[in-house]
Amino acid sequence: VSRMISALRKFYRFLLREGAISADPMTKIDTPKRAQHLPATLSSQEVDALMAKPDTDKPLGLRDRAIFELMYATGLRVSEVVDLRLDQLHLAMNLLQVTGKGDKERLVPISPQATQWVDRYLQEARPKLLKRVQPKNVFVNFHGGPMTRQGIWKNLKAYIASIGIEKDVTPHTLRHSFATRLLENGADLRVVQELLGHSDISTTQIYTHLSNQHLVAVYHKTHPRG
């Protein structure tokens, strides 16, 4: 419908310029708002299954576990993960210095559990993956170069498929799950906005719809007349 209205607007503007009509009837028609699609999230059980899947006895599996733990604990964009540098890690303080959209920097707390996995990766796996080139990026691939967004996406898809989760899961799903869990557990919307690096709080507000769905489900499950 939106595309049809857009095409009609252009057509009537053309007729108006050519003098074929004296007024544009499309000025009285509003473009319908697009339906807002809620992002997919993983349940706590699905997150646990994902975290348990990588073989952490192997360098690549340990790296993948560290990446997934980090993304779920911090809500980082996949682009922020691949760009994360060693000098931006402050693991002793459970903090990360993140460069987000528009080169805006923010400090992001990281859970002790995720810190442990990242530290273990740095100590046990990263040195084995490095070759002659010594990238500043925290996460490296099999060839010792920086990880890519496509690489993380591909690896995550493979793990999700092996678990049997049929949702359309992407690296952004971990970010969505992070924000949703925070709001479900009472986090302030402004705090979630800062953690996600959103410049506009309206972008963060989509997660309140997911949180509200959770509240409704809890109500119907627990209220005697729900």
Next on the checklist: Being touching a helix residue (DSSP H, G or I) at 6+ places or on another chain (Cβ under 9 Å), within 14 Å of D119 (Cα to Cα) and basic (K, R) is the filter here; which residues of region 37-94 pass it?
Outcome noted: R63, R65
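Residues are listed down the side, and each one gets a yes or a no for (1) among the acidic types (D, E); (2) modelled with pLDDT under 90; (3) over 30 Å from I165 (Cβ atoms):
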| residue | (1), (2), (3) |
| --- | --- |
| S2 | no, yes, yes |
| R13 | no, yes, yes |
| A23 | no, yes, yes |
| M26 | no, yes, yes |
| K33 | no, yes, yes |
| H37 | no, yes, no |
| M71 | no, no, no |
| V78 | no, no, no |
| V81 | no, no, no |
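If you take the residues of region 117-141 that are assigned to a helix (DSSP H, G or I) and among the aromatic types (F, W, Y), which of them is nearest to R85 (Cα to Cα)?
Checked region 117-141; the qualifying residue nearest to R85 (Cα to Cα) is Y121.
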Next on the checklist: If I filter region 96-115 for residues that are among the charged types (D, E, K, R), at pLDDT 95 or above and part of a strand (DSSP E or B), do I get at least one hit?
Outcome noted: no
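Of all the helices (runs of 4 or more DSSP H) wholly in region 142-224, which have at least 3 residues that are surrounded by 14 or more Cβ atoms within 10 Å (Cβ to Cβ) and modelled with pLDDT under 75? Spell out the reasoning first.
Values: elements: 149-163, 171-184, 189-196, 201-204, 206-222.
Per the criteria, 206-222.
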Item to check | Count of residues meeting criterion [buried (at least 18 other Cβ atoms within 10 Å of the Cβ) and within 14 Å of Y72 (Cβ to Cβ)] in region 83-125 | outcome: 7
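The values are calculated or read from the model by the stated rules, or taken from the named source; none is laboratory data. These numbers come from a predicted model, not from an experiment. All Cβ positions, even for glycine, are placed from backbone atoms using ideal geometry, and neighbour counts span all protein chains on display.
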